[in-house]
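**Q** Handing you a structure now.
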Amino acid sequence: MRRIRAVRTGLAVATGVAVLLAPVVGSAVAAPPNAETATVERSLGLSGVQNARDAGGYRTTDGRWVRTGVIFRSGALDQATPADLARLSALGVRVVDDLRTGYERSLAPGRLPAGATGNAYDVIGQAPPLILAGALFGGEGMYRAFITAPGANEAFASVLRDIIAADGGVLYHCSAGKDRTGWASVVLLSVLGVDRATVTADYLLSNTYRDAAPGDPLNGVQASWLDAAFDQAAQTYGSFDGYVREGLGLTEAELTALRSALLS
């Protein structure tokens, strides 16, 4: 994967998560000196796309950093403006992975930035009807389906393999950019070695970027949902590592390539 480097343009101190600002492509990235306690704006600044942000900028447990300006996450791109698409193109996005069902895609066809290839990886389209019917409302049942639903493992594994293979930036999204997209980011950051607390804090940032009221299942996310997915991974595969290797089917060579591409 071609490594796109980014520059940190400033810090805004808050509590919770250690991250970098939305990147400017083309300059070297520098780790924030007080990253353990600083939170900064991650938004890509898109007007027609919800919850669009850089997925990198976190420190791993072994002291490395997840690169910025390489991996992005968002809600659906069906309302992306020309300026939004130009922004994504300027950020180097060359692959867009759509995690929505075929029905969602038919209702709201996605738009692609110039030069990008689109892939459709349906996470829950083959899930039991009750889970599928509740897809817009999150919940522990749907998060467990991320582990157990037919096709879900293949979908999430495909995103990781696209990141390894892509010659440029990768953006993955679902409808709201919070549930399927949220679990994709959780898996990615966990595989890269980011600690569970930071991974959870990043997941919960969807509440901020979607301006969700506490307990709002339509617009927000809840830590208990994420806990349910981790619990299901352990129940089904013995551990999260077992889920990654047996469920997602990622080889040691693929995991090494992913870390090589995204860690500095």
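The values are calculated or read from the model by the stated rules, or taken from the named source; none is laboratory data. Small disclaimer: the values here were computed from a predicted structure and weren't measured. Accessible surface is based on the protein model in full, side chains and every heavy atom, while ligands, DNA and RNA are left aside. Shrake-Rupley method; radii C 1.70, N 1.55, O 1.52, S 1.80 Å.
**Q** Leaving out ligands, DNA and RNA, and with a 1.4 Å probe, what % of the accessible surface on the range 125-264 is carbon or sulfur? Could the numbers behind the result be given before it?
**A** Working: 2900 of 5130 Å².
So the carbon and sulfur contribution to the accessible surface is 57 percent.
**Q** Where the convex hull is taken over the Cα atoms of the range 102-188, what is its projected area averaged over directions, in nm²?
**A** Orientation-averaged projected area of the Cα hull: 5.7 nm².
**Q** Tell me the per residue accessible area of the range 129-264 using a 1.4 Å probe; a whole number in Å² is fine. Please list the in-between numbers first.
**A** Working: 4890 Å² over 136 residues.
In whole numbers, the range 129-264 has 36 Å² accessible per residue.
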